[in-house]
Amino acid sequence: MISRETIHATAFELNRLAAIQIPGDARQAVGRMYKRETNKISKYVLGQILENYRIAVDEQRPMCADTGLPRFYVKVGNEAAVEGGMVALEGAIRQATAEATAAIPIRPNRVHPISRHDYNNNVGVHAPTVDYSFEPNVGWLELTAVHKGGLFGGDYRMLFPADGIPGLKRFFLDCISEFFRRGMSCQPLVVGIGIGGTKDTCVRLAKEAGCLRIVGDRNPEPEIAALEEELLQLGNSTGFGVMGLPGDGAIMDVHIEIAYAHTGGMPVAIQHFCFAHRRMSARIEGDGSVHYREDPGWFTPFYRRDSVGFEELEEQEA
Ligand code: SF4
């Protein structure tokens, strides 16, 4: 049985680590961009971002003054036994988020959208966002905290199947030129792209692709993986550098996720995950032991399954 207190303590620690400690894959990606950047001002800014990463850890303070919107992704093992059930789990996450907001501290960014009322704890209606997925034949819980910045770096377009890959590239470049030239989503960043599904699934997948895969990871479908590489090269050949400055590149990586779509359409969503690349994950085993890690491991074969059931997957793994 996984206790509520273990979930609460883990969620608090994940909020703390996410706010302060940028994961190694993003730090190394920015380091590589710094080394190859030839524009003097862009290189200086990249150097300052790396310095900022270091200072945040040394002084145990949030990496950016805008601590984004704290949110959680929870993968639930089908055999997991949780004290108090899923209601207690989500209660523990909300409590941990409120306490972490005061203790770390992180900026209480969540407000009522009309009245602007603020509980000063990042908790409110549908806040923090908690998304769930499930995994067969295991008894653990996996929690990932993401403090999502890049408020202005997202867009959606319903394309027709005839628009195809050229239409997708045009939307990708439109999105870059719209947001990058004003430095609105704080480059360098990871671009997450959702293709297909319903509109809500498409946007959700774009955000998960941007936030929940490590830099360098490739989609298991070879054609999608090749498209990720192609868009990465394309995006970094536009002349945009960091923070709206000219330079040799503004994109750490491009991640694409797909969902089966209506035959008449090809919806595409794009999300940016800024250089304040705040995410941290942990697995809570059935015995209550907790293992922290930087790779969320969100996109499992089961999560991306295309079969009616999952028996085929189980047979492949056996
Ligand atoms: S977009 Fe990212 S780096 Fe820029 S202010 Fe927001 S959280 Fe900070």
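Any idea what log10 I(q)/I(0) is at q = 0.13, 0.14, 0.21 Å⁻¹ for the range 27-117, Debye with uniform C-alpha scatterers and no solvent?
Rounded to two decimals, the profile gives -0.72, -0.78, -1.04.
Whole-Hz ³J(HN,Hα) for each residue in the range 176-189, computed from phi via Karplus 6.51 cos²θ - 1.76 cosθ + 1.60 with θ = phi - 60°, x for glycine and proline: what do you get?
The phi angles translate into 4, 5, 5, 9, 5, 5, 9, x, 6, 10, 6, 6, x, 8 Hz.
Could you list log10 I(q)/I(0) for the range 150-275 at q = 0.19 Å⁻¹, which the Debye formula gives when each Cα is one point scatterer?
Relative scattering, expressed as log10 I(q)/I(0), comes to -0.97.
So for the range 216-282, averaging the separation of alpha carbon pairs under 8 Å that are six or more residues apart and normalising by length, what relative contact order in percent results? Mind dumping the intermediate values first?
Working: 47 pairs, mean separation 17.1, N = 67.
After rounding, I find 26 percent.
Report the dimensions of the range 121-179 along its three principal axes from the alpha-carbon atoms, largest first, rounded to Å.
Here the Cα extents, ordered largest to smallest, are 44, 36, 18 Å.
Please list Lys43, Lys35, Lys75 in order of solvent-accessible area, largest first, computed with a 1.4 Å probe with all protein chains present.
Per-residue accessible area, sorted high to low, gives Lys35, Lys43, Lys75.
Most mobile of His262, His272, His126 per a Gaussian network model of the chain (Cα springs, under 10 Å)?
Most flexible of the set in this elastic network: His126.
Quick one: ranking Thr10, Thr129, Thr198 by accessible area, 1.4 Å probe, largest first, what do you get? List each step's numbers first, then the result.
Working: Thr10 5, Thr129 40, Thr198 75 Å².
Sorted descending by solvent-accessible area, the residues read Thr198, Thr129, Thr10.
Students sometimes get this wrong: rank Ile270, Ile195 by accessible area, probe 1.4 Å, all chains present, largest first. Please report the intermediate quantities before stating the final value.
Numbers: Ile270 0, Ile195 20 Å².
Ranking Ile270, Ile195 by accessible area, largest first, yields Ile195, Ile270.
In the chain, what cysteines have no partner Cβ closer than 4.7 Å?
Singleton cysteines: Cys64, Cys175, Cys202, Cys211.
Extent of the chain along each principal axis, from alpha carbon coordinates, in Å, largest to smallest?
Taking max minus min along each principal axis of the Cα atoms, the chain gives 53, 49, 43 Å.
Using a 1.4 Å probe on the protein heavy atoms, what percent of the accessible area of the chain belongs to carbon and sulfur? It would help to have the intermediate numbers written out before the result.
Working: 8140 of 14650 Å².
That fraction is 56 percent.
Quick one: among Glu99, Glu79, Glu90, which has the greatest mean-square fluctuation in a GNM of the chain with alpha-carbon springs under 10 angstrom?
Of the options given, Glu79 has the highest mean-square fluctuation.
Rolling a 1.4 Å sphere over the protein heavy atoms, what is the accessible area per residue of the range 150-275, to the nearest Å²? Please list the in-between numbers first.
Numbers: 5150 Å² over 126 residues.
Counting only protein heavy atoms, the per-residue value for the range 150-275 is 41 Å².
Whole-Hz Karplus ³J(HN,Hα) for the range 88-95, in order, using 6.51 cos²θ - 1.76 cosθ + 1.60 and θ = phi - 60°, x for Gly and Pro?
Each residue of the range 88-95 in turn: 5, 4, 5, x, 5, 5, 5, 5 Hz.
Residue-wise, which Karplus ³J(HN,Hα) couplings in Hz belong to the range 52-65, taking 6.51 cos²θ - 1.76 cosθ + 1.60, θ = phi - 60°, and x for glycine or proline?
Taking θ as phi minus 60°, the curve returns 4, 4, 5, 5, 4, 6, 4, 9, 6, 10, x, 5, 10, 5 Hz for the range 52-65.
Between the range 77-119 and the range 1-42, what is the separation of their alpha carbon centroids in Å?
20 Å
Below 11 angstrom from the Cβ of Gly239, what's the summed charge of the other residues (Lys, Arg +1; Asp, Glu -1)? Walk me through the numbers on the way to the answer.
Details: positive: Arg181; negative: Asp248.
Counting the neighbours of Gly239, the net charge comes to 0.
Using a simple spin-label model with points 7 Å from Cα along the Cα→Cβ vector, what separation in nm is obtained for Tyr303 and Ala103?
The two pseudo-label positions are separated by 2.6 nm.
Expected output is a single nm value to one decimal: the length gained when fully extending between Val87 and Glu229, i.e. 0.36 nm times separation in residues minus the C-alpha distance. What is it?
On the way: separation 142, 0.36 × 142 = 51.12 nm, distance 4.10 nm.
Value of the extension gain: 47.0 nm.
The values are calculated or read from the model by the stated rules, or taken from the named source; none is laboratory data. All values derive from a computational prediction rather than experimental measurement. So basically every Cβ, Gly included, is an ideal-geometry build from the backbone, and we count neighbours across all protein chains shown. Areas reflect the complete protein model, heavy atoms only, side chains present, ligands, DNA and RNA absent. Shrake-Rupley method; radii C 1.70, N 1.55, O 1.52, S 1.80 Å.
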